[in-house]
1. Calculate the FRET efficiency for Arg212 and His306 from the Cβ-Cβ distance with a Förster distance of 30 Å, rounded to the nearest 0.05.
2. Amide H to amide H under 5 Å from Trp280: which residues, 5+ apart in sequence or cross-chain, H placed 1.01 Å off N in plane?
3. Tyr135 to Ser80: extension gain in nm, 0.36 nm per residue of separation minus the Cα-Cα distance?
4. Show me, for the stretch 197-207, the HN-Hα J-couplings you get by feeding each phi into the Karplus relation (A = 6.51, B = -1.76, C = 1.60, θ = phi - 60°), rounded to Hz, glycine and proline as x.
5. Please arrange Ser62, Ser51 by how many other C-beta atoms lie within 10 Å of their C-beta, fewest to most.
6. Compute the FRET efficiency between Glu269 and Lys49 as 1/(1 + (r/R0)^6), taking r as their Cβ-Cβ distance and R0 = 51 Å, and round to the nearest 0.05.
7. How do Ser108, Ser242, Ser76 line up, fewest other C-beta atoms within 10 Å first?
8. Beyond a 23 Å Cα-Cα separation, which of these cross-linked pairs lie in this structure: Lys50/Lys336; Lys141/Lys307; Lys116/Lys224?
Amino acid sequence: MDEIRGVPTWQEELASLVDAGLRYDGAPIDLTAVTESASKRSSGIPGVKKSLLVEYGVRLVSYDLPGFGESDPHRSRNLSSSASDLINLAAAIGIDEKFWLLGYSTGSMHTWAAMKYFPEKIAGAAMVAPVINPYEPSMAKEEMVKTWEQWLTKRKFMYFLARRFPALLPFFYRRSFLSGKLDHLDQWMSLSLGEKDKLLLKDPTFQEFYQRNVEESVRQGITKPFVEESVLQVSSWGFTLSEFRTQKKCTTNGVLSWLMSMYSEAECELVGFRRPIHIWQGMEDRVAPPSMSNYIGRMIPEATVHKIPNEGHFSFFYFCDECHRQIFYALFGEPKGQLEKVRETKETLVETEAAHKDTSAATTTTKE
């Protein structure tokens, strides 16, 4: 795992990232991870084994959002600029081909943004426990009710502040995760958790990792990036998830053209995000409730929603070898391994064939 600082991306600011797994020509698959705002770049896929990355031939890249960890703040950040940042970052580290995106929790909104503004760059998208805008007007009443009823009063209040009075958020942030007192994760993040998440939070490995992770993400000690992220989450994203649905778009000029388009494929084209979309949803998740993934599935019928019984918001993503393998298998199929090994084999075969031809030619000359 290589930590890279000072990668030029947004204007004069610099990004920091972690580059793990296989490198460059050795990796047939590039996967960029976007995690929740309270995480730093090193979280990526927490606890993923390098042997799994090598087995699947994956180069895993994760980065700090602007103003988090060691990345410089962005002067005017929105989801469009976030998508541009991600694409520029990929180009800066030599990812020229299409690459996969993995979004976790609130980081998923940046995944959607990249899919919206740069679909030609994305090979496919995966999201684990994706959090959508809880005020999204296209949510059905039942979806909205089942989402909000899972949250504690304090969490609802913080969403309300982010939407109506964001200037008050720094006051609360300085008394929670920016205070340096990071005990009782569920309390300072205002989370209600299922049983499996509660067990995970008691695990010393998770506690040490998450505390170090949060400490690094808030190291700059400024509230602005966290306020920006919260406001982005509850504001209009500038697009709807229904735009990713595969549908027919026809060019019509009047009633006659419209009638002709019903019988002619020539005047119509398929639009939407026409690449794989996978969603993993823990059915005991009370941070990103199942009602959110139900909404995603309703908006994008082509998306594959994996509903995982008895799993929560953290338990399927953090330090779960089998979970990580399930995700990779669903995305990439059977392990492909390292391209360099294939190249070495081909080069050996070519050298063997060349040597065989030379030997045959020498034998023929001797006979003559």
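Read-outs throughout are calculated quantities, based only on the coordinates presented, and are distinct from any laboratory measurement. Please read these numbers as outputs of a predicted model, since none were measured by experiment. Cβ atoms come from the backbone with ideal geometry, glycine included; neighbour counts cover every protein chain shown.
1. Once rounded, the FRET efficiency stands at 0.55.
2. Met127, Val128, Ala129, His306
3. 17.8 nm
4. Along the stretch 197-207, the couplings run 5, 4, 5, 4, 5, 8, 6, x, 5, 5, 4 Hz.
5. Fewest-to-most ranking of Ser62, Ser51: Ser51, Ser62.
6. Efficiency for this residue pair is about 0.75.
7. Exposure proxy ranking, most exposed first: Ser76, Ser242, Ser108.
8. Too far apart for the 23 Å limit: Lys116/Lys224.
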